[in-house]
Amino acid sequence: MGRTSRQSETIDYYQPEKGRALNTFNRILEISLDVIAKEGVEALNTNRIAADCGINISTLYHYFPNKDSILHALYTRWFDRLSAVAEKHRESRHKADKLKTAYKNYVLDLLRIDGFPPRAAVELERAIKTRKNLLALDNDIVERSITAYAEDILAHRPEKEESHLPIPSAFMLVSIWGAISIAADMGETEYPAIAEHCAEMMVALIRQ
């Protein structure tokens, strides 16, 4: 016990379960995420992260053999937290007259995922879809999580209590990713306005 290996074909890294080793593992990810959020994925490299963490490069390689394994770990952590947001909202049913508020709150929660600012989310998603050796990962994992909840609340049309929504999930995904992408270049004080606009757009669409 005490050792967990997370693997997806070419991606492999060591995640300890407790103690000082787990603290080091988490610190590596936190510092890496900070670099990504401020400077982008391309600014991330193992030598820099080791130096910023105050550890030698061999210690970092004990946890992460390369940059892509760090990206994989961060992406997995982000998806886990994104899934928790989706589950939180899926647990409650939304009445038609509360649709706009429900959707706005969902988007706000996505923009405020603990530890993952929108800029970092955008950078991680781009990395997953453009780095060839990461393609073994499930590229639609985020799409499924986001659209599952979107479909649930949007299934309640304002004029009916229950119905099936004939709007493609892809459109909902574009709506949310548009909000995240805009928020990536804005301050957190702008998030409510972004979420409000997103909610208004979706409500207007389903009322057509």
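The values are calculated or read from the model by the stated rules, or taken from the named source; none is laboratory data. Everything numeric here is computed off the predicted structure, so don't read it as measured data. When we count neighbours, we look across all protein chains shown, and the Cβ atoms used for this are built from the backbone with ideal geometry, even at glycine. Just the protein is used for accessible areas: all its heavy atoms, side chains included, with ligands, DNA and RNA removed. Shrake-Rupley method; radii C 1.70, N 1.55, O 1.52, S 1.80 Å.
Key figures
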item	result
Any hit, the stretch 129-138, residues being of a type outside the set (Val, Ile, Thr), part of a helix (DSSP H, G or I), open to solvent by less than 50 Å² (accessible area, probe 1.4 Å) and at pLDDT 60 or above	no
Residue match in the stretch 86-102 (condition: in contact (Cβ under 8 Å) with a residue 40 or more places away in the chain, assigned to a helix (DSSP H, G or I), touching a Ser or Thr at 6+ places or on another chain (Cβ under 7 Å) and within 28 Å of residue 201 (Cβ to Cβ))	yes
Odd one out for residue 101 among (1) hydroxyl-bearing (Ser, Thr, Tyr); (2) open to solvent by 40 Å² or more (accessible area, probe 1.4 Å); (3) modelled with pLDDT under 80	(3)
Some residue of the stretch 115-128 being part of a loop (DSSP other than H, G, I, E, B), aliphatic (A, V, I, L, M), closer than 30 Å to residue 30 by Cβ and modelled with pLDDT of 70 or more	no
Answer residue from the stretch 154-207, given it is modelled with pLDDT of 75 or more and in a loop (DSSP other than H, G, I, E, B) and is least open to solvent (accessible area, probe 1.4 Å) among those	187
Test for residue 96: is it modelled with pLDDT under 95 and more than 24 Å from residue 197 (Cα to Cα)	no
Matching entry among 37, 21 (being at pLDDT below 95, assigned to a helix (DSSP H, G or I), surrounded by 15 or more Cβ atoms within 10 Å (Cβ to Cβ) and over 15 Å from the mean Cα position of the chain (by Cα))	21
Boolean, residue 12 is open to solvent by 10 Å² or more (accessible area, probe 1.4 Å), modelled with pLDDT of 90 or more and either within 30 Å of residue 189 (Cα to Cα) or not in a helix (DSSP H, G or I) (or both)	no
